[in-house]
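Reading through the structure tokens given below for one structure.
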Amino acid sequence: MPDVFDSPPYAPTKDPTSTVLWPDTRQAFPSDIRFVDEIFAGREGTVFSASGDMHRSYVRKFRVTTKPGNTVLDQDTLDDTDIIDNVHLPRPYSPYFSNWRMPDLLAAPTRNDVYADLNALAVETSLAREQQDDSSSWIVTVRFSTDIGERGPDYRVMFAGTQRNWNLLNPESPQFRPWLMLPVFEYGYQESTVAKQWDRDGAPFLNTAGSPLTPAPTSEVAYPTLTMNRNEREWTPNLVTEWSYAVNNATFMGFEPGRVQVLPPSAKVAWHGRLKYYKAVWRFRFKPLERVNVLGVANQVVTWQPLFLNAGFYAKLPADLAGHAVPIYRAPHRVSGQTALLAANGTELPAAGTPTFIRFNTYPSKDFTTMFNGTMVP
């Protein structure tokens with residue numbers, strides 16, 4: 001496996017692919033909408049700035065005219081939820097286009113000099129009555145920008161068949177359920193000084209006589225980290241006890257099982273109106289790629305599970321492997337004061353033998369994919 005980061009696990013607390021999604025109910029020709037026309041006089045944009053801000057922004061305005069006396073008899077009953085629910089208006093996170101023929105967005109443009117800024121996405125939609133006492137004409141303002149926030153584009157609200165955050169009647173949208181918002185990821189590192197018993201080639205630290213170095217040499221190690229700030233619907237002490245120092249039981253972001261570890265998470269209470277939720281901080285650290293000989297099996301990946309050099313003051317006799325270990329003598333009637341290397345079967349390692357390490361299962365092994373689909377509560 002490559003010793004590099006893949007893309008971060010980009011999913012909300014609740015995986016939308018495993019839930020019943022709200023369909024896109026916007027209509028091409030709503031019965032109460034008569035016209036949707038762009039107001040070109042209201043278009044503006046910032047395409048260059050020497051101040052160092054690389055972001056570009058644009059504004060498009062539309063006039064939405066309603067049909068008098070059709071399905072909705074009383075025009076004053078129309079509100080913003082009815083006006084915005086129209087397929088002729090730019091969708092959330094849709095790219096910026098100029099000279100695009102309305103009202104059919106699926107047709108070819110009317111001119112050949114269509115300008116498209118595919119990185120400037122629709123990040124804000126606002127609307128107001130053109131006349132305060134008349135609901136038959138509305139002005140819809142759509143702002144496009146390359147600055148879409150640290151969470152990135154939420155494509156769940158862009159394509160058909162996904163959750164709709166522009167419809168205020170949808171109670172399951174991220175704007176109403178903060179725990180459905182996309183998380184924020186941040187890469188970093190953690191510095192540690194460790195006393196490893198092997199070098200970067202997997203060879204144990206031994207002196208020229210073949211004895212382990214005591215104490216083991218220390219070295220500095222930088223562990224890559226990934227911090228995920230995410231809103232949680234629930235938070236219990238069990239989450240901390242169950243996930244603290246857990247390691248991945250399968251390949252995660254390109255790292256073999258055991259090489260990714262969850263550091264103790266934290267959370268604080270937050271409120272969204274009357275809804276209570278938790279702003280949680282999850283941290284992952286990644287083990288650099290190293291390989292050692294574990295009990296005679298060569299090239300074993302070093303994980304977060306502890307490894308110890310197979311050495312000691314006692315060894316089993318080759319003729320009695322089922323018996324108890326006996327002291328290792330360096331001279332007649334003299335027990336050695338230095339640990340000796342042991343073979344995988346517990347006997348004293350011959351001079352030409354290959355040193356081995358012992359791995360112990362200390363940390364829990366968990367399925368990290370459950371952390372991103374809402375099933376992580378133990």
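Since every read-out is calculated from the coordinates, none of them should be taken as a lab result. These figures come from a predicted structure and were not determined experimentally. Because the Cβ atoms are built from the backbone with ideal geometry, glycine has one as well, and the counts that use them run over all protein chains shown.
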Item to complete: Give the residue from P257, L226, L239 lying farthest towards the positive end of the charge dipole for the stretch 225-270; charges sit on Cβ (+1 for Lys and Arg, -1 for Asp and Glu) and the dipole is referred to the Cα centre.
Response: L226
Worksheet, complete the sentence: Amide H contacts under 5 Å for Y96, restricted to residues at least 5 apart in sequence or on another chain and with H modeled in the peptide plane, are D117, A120
Discussion item. Can you compute the label reach from Q338? Point 7 Å from Cα along the Cβ direction, backbone N cut-off under 18 Å, restricted to the stretch 201-224.
Written reply: 204-217
Worksheet, complete the sentence: Phi-derived 3J(HN,Hα) across the stretch 348-362 with the Karplus relation (6.51, -1.76, 1.60, θ = phi - 60°), rounded Hz, x for Gly and Pro, is 5, 6, x, 4, 8, x, 9, x, 10, 10, 10, 9, 10, 8, 9
Discussion item. What whole-number distance in Å separates the alpha-carbon centres of the stretch 233-285 and the stretch 113-156?
Written reply: 35
Discussion item. With the crude spin-label approximation of a point 7 Å out along Cα→Cβ, what separation in nm comes out for N229 versus N119?
Written reply: 2.3
Item to complete: Starting from the stretch 246-350, pick out the trypsin sites (Lys or Arg not before Pro) whose DSSP state is loop and whose Cβ has at most 12 other Cβ atoms within 10 Å.
Response: R274
Worksheet entry | 3J(HN,Hα) from dihedral phi, the stretch 316-324, Karplus parametrisation 6.51/-1.76/1.60, rounded to Hz, x for glycine, proline | 7, 7, x, 8, 9, 5, 8, x, 6
Worksheet item: Considering only DSSP states other than H, G, I, E and B, which chymotrypsin sites (Phe, Trp or Tyr not before Pro) in the stretch 220-323 qualify as loop sites with at most 16 other Cβ atoms within 10 Å?
Response: Y245, F313
Item to complete: Could you list which residues have their amide H under 5 Å from that of E290, counting only those 5 or more apart in sequence or on another chain, with H placed in the peptide plane?
Response: V302
Worksheet, complete the sentence: Length-normalised contact order of the stretch 294-339, Cα under 8 Å, at least 6 apart, in percent, tallies to 28
